[in-house]
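J.: Sharing a structure here in C-alpha cells format.
Bear in mind that the values in this text are calculations on the coordinates, not laboratory data. Nothing here was measured: the structure is a model prediction, and the numbers come from that model. All Cβ positions, glycine included, derive from the backbone under ideal geometry; neighbour counts span all protein chains shown.
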RNA sequence: GGCCCGGUAGUACAGUUGGUUAGUACGCCAGCCUGUCACGCUGGAGGUCAGGGGUUCGAGUCCCCUCCGGGUCGCCA
C-alpha cells in the first residue's frame, strides 16, 4: 500500500553528507536500490539523484510490526526514512561507496510507493539493450550514469545562458509553428485546421527569425532552440535536436569567432575543468580537406594525407592515369609502424571499407622487413618509390594506403580511413579536447540531381569580399564567410556572416538558379524586411546535443537526450508517431493515401 | 533507398556437424540467517529460440521472406 507523505519533509539528499554530519537526525527520501535481508537486520541502499546512502532496519530498535513492514521492501520501492546518521567503523565501512562511512539507523519510515520488478536492473552495470532501455526510458534515466549526463547537459545550457547574458545577449524565443523552407532538409509539416490544405512547418533552425531580430535592433540574440529535420537518423543526428543559437549585429567574422572562443573556454573550464588555450587554431576548408580529408578534422592525432599526384603524373598504372585524366588526384595516408598490424584479410576488408565512400579500391604498400610488398609493385619505378618514400615519410615498418580518384572520393575515403586506422592502432588520445575553426568554406556546391548550384551553408551566407566578382563568372570557386567549430572530429557548431545587401542577396538567389519570383515566393518576407535597413550581421549555432555528448564522453547523442528517438524516427516509449482518429483527420481536411498495416 | 552487424527465460549470454527433456549467470518467488555491502545457504518458478514459409525422418541450428534494433552510405541549406 502506498502511504502518504503526511507532512514529512526531506531534510537532506542521500549523498550530501560528510562524516562530520554523524549524529544528526535526518529524513531522506528516495528509491530502494539494493536490499540485503539478514533475517533480523535489513540493509537497503537508498538512492536519489545525488547518490546512495545505506539505511538499516534493525529488529531490536523497530517494533515487530514496523520490522515486518521493512521486510516487504523490494527494489525500486519509494521510501521516506527518518533516523540517526551514524558513523560506520572498521569492517562496517564500505570503501566502494562515497557515503560508505555513514549509514542511517531507521527509527521511522514510510513506504510511499511499491514497485513491480523492473525489466532491467537500475544500475550502471546494467547491460540491457538500448531498445529496452528506451521503451522504459523513465527507468533508464534513474541510472546514475544517465543522471550524470542529463545534469551535465543542464550545466552546459546554464553556462551558455550565463555567458551570453554576461556578453549582453538577449534570449528571445522564435516560433515553432512557422513556414516551410524548401531549401535544405525535409520539413516536418503541421496541418492547419482553420486553413484547409495549408501547413505550418517546424523550424529546421531559427535562421530567418534571428536575422530579422537583427534588423529589429536586438543587436545580440541567443536562444536554446529546438530544431526539427525530417532526415534519417545517425548516432549524432535526431529528428528533433537542440541548438545554442546566436546572432550579432555590426560584426565581422573575427568578432563572432572571438565571442565564441570566450564561450568555449568558459564552458570547458566550468564543465570539465579543462583549460582551452586561445586563440583556437584555424584551418581553411581547403587545407582541412588536403591534410585530413575532412571538413571536420580530428586533430588529436597526425597521419595526415599526402598528395602523390605529381609523383605519378607519368605513371603507366591505368588507375593512376584515369584519376589524373578525370581531374582527380592520388593521395595517401601512412600508417607508421603498422606493417605487421594487418593481415591480408584485414587489408582486403579495408579495401571494402573505402568502397563505402565510392572509392573503386584501396592500394596498399607494406614495407616489411623482408621487402616492399604491394599489389601494384610491378607498375612502380624505382624513382617513383623513392619519391613516395620522401613525400609520405614512408619507411620500413610502415603501411601506405593510396586512393586515386576524383578529389571528392579521395578525400571522403582517405578521411574515413584515417579515422578507422587511428582507432585500430590506438592513436586517438581520449583525454584531449581539440577545438579547431574551419573557415572559408565554398559558398556553393554543385547539385548533380538538380543540375544547379545549392548553398553549402544556406542561401543567406555572405561570399568573401575578394571572391565577389566570381559569383557570376565562376560560382563554384567562390568562398564564403562561413565557419564551423570542430571538436575532436565532430562538427559541434557552424555559422556565417550573412548577406545584408538586397542586391547581393538577389545575386545569390540567381546563382542558386531561382527566378526573382521564386525567391520572392519562398523568402519574400525576408526580402521585404531587408528593404528597411538590415545591419551587417552574422552568427553561429551549436549543436547542444553533440556538445553534451563529447563533454560527457558518450558516443551517441541519444545518451544525452532524455527521451530520444530510434533509427526509424519513432519513440519506443510513447509509440510516436501513431495513427490518429478519423475524426481528427476529418477536422484537418486530411486523407491518407498510403498507410502501413 | 543501399550495404554491414544483431534478435534464444525478466536481463545478459552459451548452445558443437541438424539429433534425447534448450543450458549458465544475475534477477524473481519461498524458507533460514544481527553487520551485509556483488551478502550467504536451501529450495522453486520462469522459454512463441523475433514472426512467417521452406528443406529434412528430425530445425534454436540450413534456405527464403517479413518485422525490429544498431552502425553506415545516400540524405542532413
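J.: At q = 0.13, 0.15, 0.25, 0.27 Å⁻¹, what log₁₀ I(q)/I(0) does segment A:1-80 have when each alpha carbon counts as one equal point scatterer in the Debye sum?
T.: Log10 I(q)/I(0), no solvent term: -0.41, -0.55, -1.38, -1.43.
J.: Based on a Kirkwood Rh over C-alpha pairs, give the Stokes-Einstein translational diffusion coefficient of segment A:97-155 at 37 °C and viscosity 0.692 mPa s in µm²/s. Present the calculation step by step, with values, prior to reporting the outcome.
T.: Details: Rh = 14.0 Å.
Reported coefficient: 235 µm²/s.
J.: Now for a separate question. For the residue pair residue A:27 and residue A:477, what label-to-label distance in nm results when each label sits 7 Å from Cα along the Cα-to-beta-carbon direction?
T.: 7.7
J.: Tell me the Kirkwood radius of segment A:478-528: reciprocal of the mean inverse pair distance over distinct alpha-carbon atoms, in Å. Provide the component values of the computation, followed by the final result.
T.: Values: mean 1/r = 0.0781 Å⁻¹.
The Cα-based Kirkwood calculation yields 12.8 Å.
J.: Turning to a different aspect of this structure: Calculate, in whole percent, how much of the Cα-Cα pair population of segment A:452-590 lies beyond 19 Å.
T.: Working: 6412 of 9591 pairs.
Tail of the P(r) past 19 Å holds 67 percent of the pairs.
J.: Can you give the convex hull volume of the alpha carbon atoms of chain A per residue, in Å³? Don't skip to the end; give the middle numbers.
T.: Numbers: hull volume 143.2 nm³, N = 597.
Dividing the Cα hull volume of chain A by its residues yields 240 Å³.
J.: Let's test this: bin the Cα-Cα distances of segment A:330-488 at 5 Å from zero up to the farthest pair and state each bin's percent.
T.: Whole-percent P(r) values from 0 Å outward: 2, 8, 13, 15, 15, 13, 11, 11, 8, 4, 1, 0.
J.: Related question: Which value, in nm² and rounded to one decimal, describes the direction-averaged projected area of the C-alpha convex hull of segment A:299-407?
T.: On the way: hull surface 27.7 nm².
Mean projected area of the Cα convex hull: 6.9 nm².
J.: Continuing with this model, one more query. Quick one: if you take sqrt(5λ) for each eigenvalue of the C-alpha gyration tensor of segment A:526-597, what semi-axes come out, biggest first, whole angstrom? Provide the component values of the computation, followed by the final result.
T.: Working: eigenvalues 240, 173, 16 Å².
Its equivalent ellipsoid spans semi-axes of 35, 29, 9 Å.
J.: Cβ neighbours within 10 Å, averaged per peptide: list A:24-33, A:351-360 in order, most packed at the top. Numbers along the way, then the final one.
T.: Working: A:24-33: 19.0, A:351-360: 15.7.
Ranking, from highest mean packing down: A:24-33, A:351-360.
J.: If you fit an axis through the alpha-carbon atoms of helix A:382-391 and take the longest principal axis of the Cα set of chain A, what angle between them do you get, 0 to 90°, nearest 10?
T.: The answer is roughly 50 degrees.
J.: Related question: By average Cβ neighbour count within 10 Å, what is the ranking of A:420-432, A:52-64, A:474-486 from highest down? Please list the in-between numbers first.
T.: Values: A:420-432: 13.5, A:52-64: 17.7, A:474-486: 20.3.
So the peptides A:420-432, A:52-64, A:474-486, ranked by packing, come out A:474-486, A:52-64, A:420-432.
J.: Shifting gears a bit: Dividing the alpha-carbon radius of gyration of segment A:212-335 by 2.2 N^0.38 Å (N being the number of residues), what value is obtained? Walk me through the numbers on the way to the answer.
T.: On the way: Rg = 21.2 Å, N = 124, 2.2 N^0.38 = 13.7 Å.
Ratio of Cα Rg to 2.2 N^0.38 Å: 1.55.
J.: On a 0 to 90° scale, report how tilted helix A:502-511 is relative to the longest principal axis of chain A, with both axes built from alpha carbons and the result rounded to the nearest 10.
T.: In chain A, helix A:502-511 runs at an angle near 70 degrees to the longest axis.
J.: Sort the following peptides by mean Cβ neighbour count (other Cβ atoms within 10 Å, averaged over residues), highest first: A:538-551, A:500-513.
T.: Values: A:538-551: 24.0, A:500-513: 16.6.
Going by the mean number of other Cβ atoms within 10 Å, highest first, we get A:538-551, A:500-513.
J.: Simple spin-label model, 7 Å along Cα-to-Cβ: residue A:199 to residue A:445 in nm?
T.: Simple spin-label model gives 2.3 nm for this pair.
J.: Please state, as a whole number in µm²/s, the translational diffusion coefficient that the Stokes-Einstein equation yields for segment A:179-266 at 4 °C and 1.567 mPa s, with Rh defined as the Kirkwood radius across alpha carbon pairs.
T.: Result for D is 86 µm²/s.
J.: Once you have the Kirkwood Rh of segment A:1-141 from its Cα pairs, apply Stokes-Einstein at 4 °C and 1.567 mPa s and quote D in µm²/s. Please list the in-between numbers first.
T.: On the way: Rh = 15.7 Å.
Once the numbers are plugged in, D ends up at 83 µm²/s.
J.: Project the alpha carbons of segment A:151-190 onto their principal axes and report the range along each, largest first, in whole Å.
T.: Principal extents (largest minus smallest coordinate, Cα): 36, 25, 18 Å.
J.: A further question on this structure: Hey, what angle do you get for helix A:516-529 against the long axis of chain A, alpha-carbon based, 0 to 90 degrees rounded to 10?
T.: 50
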